[in-house]
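Novice: Pasting a structure here, questions to come.
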Amino acid sequence: PAGLWTVFTLGGVGSKASPQLEQCSPLANQSLLLLLVLANLTDAPDIPNPYRQAIIFFLYFFISDNTAFSSSNPHAFQINFNSLYTALCEQQKSDQATLLLYMLLHQNSNVRTYVLARTDIENVV
């Protein structure tokens, strides 16, 4: 898998995930790679890519909010943005996490608004 990732990063020109990161959480690393591949598949002529739709439309989840979640979009779900932000900040040395952050900032307006409202945005930069 690391060799295949090297091919996708222009022959190894990009930064690689640290060996410690890949060894301590290989399932998380492979899951993130799978998510990125699935989210970037081409849409079918009559059906949009459901993985990309899920990334575009997920919403902020308030831990203290006990109301039931309802949405007209079948791909929408809720996630704790603070946990996501913290995890992405901690993993910015890997290409996979950086690509996920890039995709979220460009395609999900909820994530973009949340990140821009943070007072510690230097953690991402």
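Read the figures in this text as sums done on the coordinates, not as results from a lab. Small disclaimer: the values here were computed from a predicted structure and weren't measured. Please note: Cβ atoms are built from the backbone with ideal geometry, for glycine as well, and neighbour counts cover all protein chains shown.
Novice: Could you list which residues have their amide H under 5 Å from that of LEU59, counting only those 5 or more apart in sequence or on another chain, with H placed in the peptide plane?
Specialist: PHE77, GLN78, ILE79
Novice: In nm, to one decimal, how far is the modelled label at ASN123 from the one at ILE47, with both set 7 Å along Cα→Cβ?
Specialist: With each label point 7 Å from Cα toward Cβ, the separation is 3.8 nm.
Novice: Quickly work out the GLU90-to-GLN78 label distance, labels modelled 7 Å from Cα along the C-beta direction, and quote it in nm with one decimal.
Specialist: Between GLN78 and GLU90, the label points sit 2.3 nm apart.
Novice: Can you give the FRET efficiency for VAL37 and LEU105, using 1/(1 + (r/R0)^6), R0 = 22 Å, r = Cβ-Cβ distance, to the nearest 0.05?
Specialist: The computed FRET efficiency comes out at 0.70.
Novice: Another question, if that's okay. Whole-Hz Karplus ³J(HN,Hα) for segment 81-97, in order, using 6.51 cos²θ - 1.76 cosθ + 1.60 and θ = phi - 60°, x for Gly and Pro?
Specialist: 5, 4, 5, 5, 4, 4, 5, 5, 5, 6, 10, 5, 7, 9, 4, 4, 5
Novice: I need the phi-derived Karplus couplings for segment 51-57: 6.51 cos²θ - 1.76 cosθ + 1.60, θ = phi - 60°, integer Hz, Gly and Pro marked x.
Specialist: 6, 5, 4, 5, 5, 6, 10
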